Amino acid sequence: MTTTTEAVTLEGLRDALGLLKDREQVAERLLESSAKHSFDPDKELDWEAPAEDGKWFWPPELLSLYDTPLWRKMPEEQRMDLARHEAAALASLGIWFEIILMQLLVRHIYDKSVTSAHVRYALTEIADECRHSMMFARMIKKAGAPTYPVTRAHHNLARVLKTISTTPGSFACTLLGEEILDWMQRLTFPDERVQPLVRGVTRIHVIEEARHVRYAREELRRQMVTAPRWERELTRLSSGEAARVFSLAFVNPKVYDNIGLNRHEALAQVKASAHRREVMQTGAKRLTDFLDDIGVMRGPGRRLWRSSGLLA
Ligand SMILES: [Fe+2]
Ligand SMILES: [Fe+2]
């Protein structure tokens, strides 16, 4: 169990200065990397090329229904259709998250020095997310699929969260949105069974997202040392609640309607699927290990994480 002192001591001040220096150094390195490896998806990807016959829009093993009794009954064509719609649903979820994240980053830097590397990197990340959201939207259109908004309730819950959340909670939620999708995308871009456009989109996203994850992790780590006790407790609870909402939003039942399946039957099979549980828990493991390490996974928050199905 770690203890933190909230009293202002000389040592405390020295630590705070050290953290600020560390924050600037991390941002400088991320800015250097951004200067070297940033992409303009409009120019980088071939948007005119037609979709290739027989290629998946998402790796089958990462689809919600994979290896369920329903999956085994589905003809290949319907499975591939599920992949196309689930890829569009995940891209829609990604855009929703990125729009939330952009607002969180804008709020994060509002009171900070505009010439600091930390703020300059946040602005760089906002620019990355702008390009990503446009890229995902273009991919959805190109796939010939509809957009898949989250439910009204989740949409409005996030409206409240992104307006009132404090810094550590914001960065914990950021990591939740980024790391699991990132894990899936790392398996998608090298996969030769997948559509070239989807491979290109996920490759760009993985490269640029690695920096975002680093930025959020380092900030959250610092925040969990320096934030007052109430804020650390709030972060544990709000990230647990966000994990619960996220795991529900991860599967969009309209996908099943649109490919001619019964949504209730499909959802029940996804819920009962051991393969799916393993995919989600493996995808979340890097994140849950990290959060555990820095003290986010304690008390009632941990119970929420467990109920989300993301924590083994
Ligand atoms: Fe992104
Ligand atoms: Fe990101």
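Values in this text are rule-based calculations from the coordinates and carry no lab data. Please read all numbers here as calculations on a predicted model, not as lab measurements. FYI the Cβ positions are ideal-geometry reconstructions off the backbone, even for glycines, and counts take in every protein chain you see.
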- [ ] Could you check, for segment 139-154, whether at least one of its residues is within 16 Å of ligand 1 (Cβ to nearest atom), within 20 Å of I95 (Cβ to Cβ) and either part of a helix (DSSP H, G or I) or not β-branched (V, I, T) (or both)?
- [x] yes
Task: Lone unmet requirement of (1) touching a strand residue (DSSP E or B) at 6+ places or on another chain (Cβ under 8 Å); (2) without any contact (Cβ under 8 Å) to a residue 24 or more places away in the chain for V106 - done: (1)
- [ ] Please work out which residue is nearest to ligand 1 (Cβ to nearest atom), limiting yourself to segment 60-119 and to residues that are charged (D, E, K, R) and within 28 Å of H154 (Cα to Cα).
- [x] E98
Task: Test: T226 is closer than 18 Å to H118 by Cα and more than 16 Å from ligand 1 (Cβ to nearest atom) - done: yes
TODO: Could you list all residues from segment 276-307 that are assigned to a helix (DSSP H, G or I) and aliphatic (A, V, I, L, M)?
DONE: V279, M280, A284, L287, L291, L304
Task: Condition check for L123: aliphatic (A, V, I, L, M) and out of contact with any Asp or Glu (no Cβ under 8 Å at 6 or more places or on another chain) - done: yes
TODO: Could you tell me which numbered condition G260 fails, if it satisfies all but one of (1) surrounded by fewer than 21 Cβ atoms within 10 Å (Cβ to Cβ); (2) part of a helix (DSSP H, G or I)?
DONE: (2)
Open item on the list: I'd like the residue in segment 104-116 that is of a type outside the set (S, T, N, Q) and more than 24 Å from the chain's Cα centre (by Cα) and, out of all such residues, is surrounded by the most Cβ atoms within 10 Å (Cβ to Cβ).
Closed with: K112
Task: Members of segment 179-223 found to be more than 16 Å from ligand 1 (Cβ to nearest atom) and either free of Cβ contacts under 8 Å to residues at least 12 places away in the same chain or over 26 Å from L237 (Cα atoms) (or both), listed by number - done: L187, P190, D191, E192, R193, V194, Q195, P196, L197, R199
TODO: Kindly provide the set of residues from segment 112-146 that are touching a residue at least 12 places away in the same chain (Cβ under 8 Å), among the polar types (S, T, N, Q) and either more than 24 Å from A210 (Cα to Cα) or more than 16 Å from ligand 2 (Cβ to nearest atom) (or both), ordered by number.
DONE: S116
